[in-house]
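Some notes on the structure that comes next.
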Amino acid sequence: MVATPIGNLQDISFRAVQTLKDADFILAEDTRVTGKLLAAYEIATKMKRYHKFNMKRQSDDVLSLLDSGAHLALVSDAGTPGVSDPGEELVKLAVQNGHKVEPIPGACALIAALVASGLSTKGFYFAGFCTKFEKELLTVSVPLIFYEAPHRIEKFLQKLLDFFGDRKVVVAREITKLHETFYRGMLSEFTQGAQTLTIKGEFVVVLDGCPLEKSTSDEEILQKLREKISAGLSKKEAVKQVCAELSEKKNRVYLLSLQA
């Protein structure tokens, strides 16, 4: 599992380069992308494609190579393989069949974004490319980290505001590349035009966690909802009143009202 640069080609370790040179084959998501890295470091190892569209078909071939004693190096297009990419499945397959899996550490976009964010680094919750938010995320007290594509980033920030309410957020663009930019502010600043993003490149979003001391438990909210519904209020009106009384986010209270 060889970590490769996420932008700047110099962000690769000596050990990673030597591992790629010594491997019998390199398993790559896109051979054109990896080919640029190999050319830069004069690595002549042959490549095989391994990505989400062919991983089921290729898995048997990869396993046969491992069974024969071949030394394989897995890379993603950028960063650490196995993080939000099909490398995860290959590692499971190798482990299940008794093969040694060795990490060669290096660049990782989520860690780079977190440590430069200015938010707490005592812990984090990585959600990757997230299309649906679960209610449990509302009470996560550590920063939440998301990946998002440029054509969806503006709508994604609006979705974050609608679900989590207004929080501090750091939007990292093109990390380690020429146009690396860290946008910092409140979610509302991005959705209301006070902050303007350059919609180009790869994005990592680091959202501040929920302060536990200000969070009301699910049980307390449910109790309030049930009291108001028992008093004759509709669920819609009960949600509205509980949100106002407890200063809770509408989305969270609404989801809990489904249990009331």
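Peptides 186-198, 244-256, ordered by how many other C-beta atoms sit within 10 Å of their residues on average, highest first, read 244-256, 186-198. Over all distinct Cα-Cα pairs of region 16-59, the Kirkwood formula returns a hydrodynamic radius of 10.8 Å. Measuring nothing but protein heavy atoms, the accessible surface of the chain at 1.4 Å probe radius is 51 percent carbon and sulfur.
Only Cα pairs under 8 Å and at least 6 apart count here; give the relative contact order of the chain as a rounded whole percent. Across the chain, relative contact order equals 17 percent. Couplings 3J(HN,Hα) for region 175-180, derived from phi with the Karplus relation 6.51 cos²θ - 1.76 cosθ + 1.60 (θ = phi - 60°), are 4, 6, 8, 4, 9, 4 Hz, where x marks Gly and Pro.
Remark: the chain carries 56 Å² of accessible area per residue (probe radius 1.4 Å; ligands, DNA and RNA excluded). The slack in the chain from L63 to R152, taken as 0.36 nm per residue of separation less the alpha-carbon distance, amounts to 28.4 nm. Straight Cα distances below 18 angstrom link K100 to the lysines K92, with same-chain residues fewer than 8 positions distant left out.
Using only the Cα atoms of region 1-41, build the gyration tensor, take square roots of its eigenvalues as a ≥ b ≥ c, and label the shape rounded, prolate or oblate: rounded if a/c is under 1.5, else prolate if a/b is larger than b/c, else oblate. Oblate, since a/c reaches 1.5 and b/c is not below a/b.
The values are calculated or read from the model by the stated rules, or taken from the named source; none is laboratory data. The model shown is predicted, which means the values in this text are computed figures rather than measured ones. Heads up, the Cβs are rebuilt from the backbone with ideal geometry, glycines too, and the neighbour counts pull from every protein chain shown. Just so you know, the surface numbers come from the protein's heavy atoms only, side chains and all, with ligands and any DNA or RNA stripped out. Shrake-Rupley method; radii C 1.70, N 1.55, O 1.52, S 1.80 Å.
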